[in-house]
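K.L.:
Shown below is the structure under consideration.
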Amino acid sequence: MSAGSITGTLPIANGGTNATTAAAARTNLAVPGLAAANTFTANQAVSLTTPSIILNDSSGASFSNLTYQSNGAVVWTMTKSSANNFNLSRYVAGSFVDNPISCTNAAGVCTLTQRPVFGSATPWDSANLSFASPPAIGATTPAAGTFTTLSSTGNAKVIATTVGPQSLPSGANTTITGWVETLDATNSFNNTTGVFTVPAAGTYMVTTQVRMIGVTWAVGNLYQIVLSRNGSLAQASIKNLITAGTYTIDDHITFLVNCAVNDTLTLGISHNGTGAGAIDTNANVNTIGIVRIP
């Protein structure tokens, strides 16, 4: 029997398609047509060593889509645009909202429409971190406190010299008197008696140089400039003589002493050489300076 002599349809049960056209046959046999649109209602799998699915825009100027739906409504699409750029598009209730991720094909630059979150951390960028106006750190208004203005205005300052001649006996601490003032900012120094009365509590710096003449020295004798506070020793310099003979001696020293208001400071000379010495008559080598450190 030739095929041309068969007429009508052959049932599927008998090995036919129960159809007279190719389209009807595919429908009856549930065979998708690769040249037509199809809707698959079951999972599909491509199983190869190197499987791939290609979406080719054959025009080269259109777009390609991979669409995700939920109950028939579009929620996401991945699109190759007509300019060959990539877009991940977001839909809500089937309506387009935005492209959270867009990447250019030419430069490979990706743009995010929203700032990402890493775990629970928000990254800093040029939109939320401005170095021109940095974010506040801690309280913007400092807590109330006590502040001390440091100023030398009104501080005690004394500069004085002496030309003697004042006798300086051996074995005693002799207060130097008869000073000539060139500065006494708070009128606290009695140049006649050599007594400085502290006008304000604080730390005072006393700098002095005194030269003595007329004493015969033995090896081991001492020459001291003595700073007394309220009549008692506060500090002293010590110069131990290592050469015997009669000669001039001087010393230069700076003292730092803490004082209360109305304390008194005096400067004296103590030595144990032979005979009474005297202060040199050269004012340039006999000086005293007193200043309160702010």
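K.L.:
When percent of Cα pairs over 27 Å apart is calculated directly from the model, which label among (i) 70; (ii) 42; (iii) 47 fits?
P.N.:
Evaluating percent of Cα pairs over 27 Å apart on these atoms matches (i).
K.L.:
Can you sort V195, V92, V46, V215 from fewest to most other Cβ atoms within 10 Å of each residue's own Cβ?
P.N.:
V46, V92, V195, V215
K.L.:
For the chain, which cysteines have no second Cys with its Cβ under 4.7 Å from theirs?
P.N.:
C259
K.L.:
While we're looking at this one, here's another question. Quick one: I159, I242, fewest Cβ neighbours within 10 Å first, how do they rank?
P.N.:
Listed from fewest to most nearby Cβ atoms, that is I242, I159.
K.L.:
In terms of the ratio Rg/(2.2 N^0.38 Å) built on C-alpha atoms, what value belongs to segment 61-117?
P.N.:
Scaled against compact globular proteins, the figure is 1.18.
K.L.:
While we're looking at this one, here's another question. Arranged by the count of other C-beta atoms within 10 angstrom, fewest first, what order do V31, V158 take?
P.N.:
By the 10 Å Cβ count, ascending: V31, V158.
K.L.:
What ³J(HN,Hα) values, in whole Hz, does the Karplus curve 6.51 cos²θ - 1.76 cosθ + 1.60 give for segment 107-112 when θ = phi - 60°, with x put for Gly and Pro?
P.N.:
Along segment 107-112, the couplings run 10, x, 8, 10, 10, 9 Hz.
K.L.:
Still on this structure: Loop sites only, by DSSP: take the chymotrypsin sites (Phe, Trp or Tyr not before Pro) in the chain that have at most 14 other C-beta atoms within 10 Å and name the longest stretch containing none of them.
P.N.:
The reported range is 148-246.
K.L.:
Something else: Just the Kirkwood number for segment 150-223, please: inverse of mean 1/r across all distinct Cα pairs, in Å, one decimal.
P.N.:
It works out to 14.7 Å.
Laboratory data are not the source of any read-out in this text; all were calculated from the coordinates shown. Treat the numbers as computed from the prediction; the structure is a model and nothing was measured. Note that each Cβ is placed from the backbone with ideal geometry, even for glycine, and that neighbours are counted across all protein chains shown.
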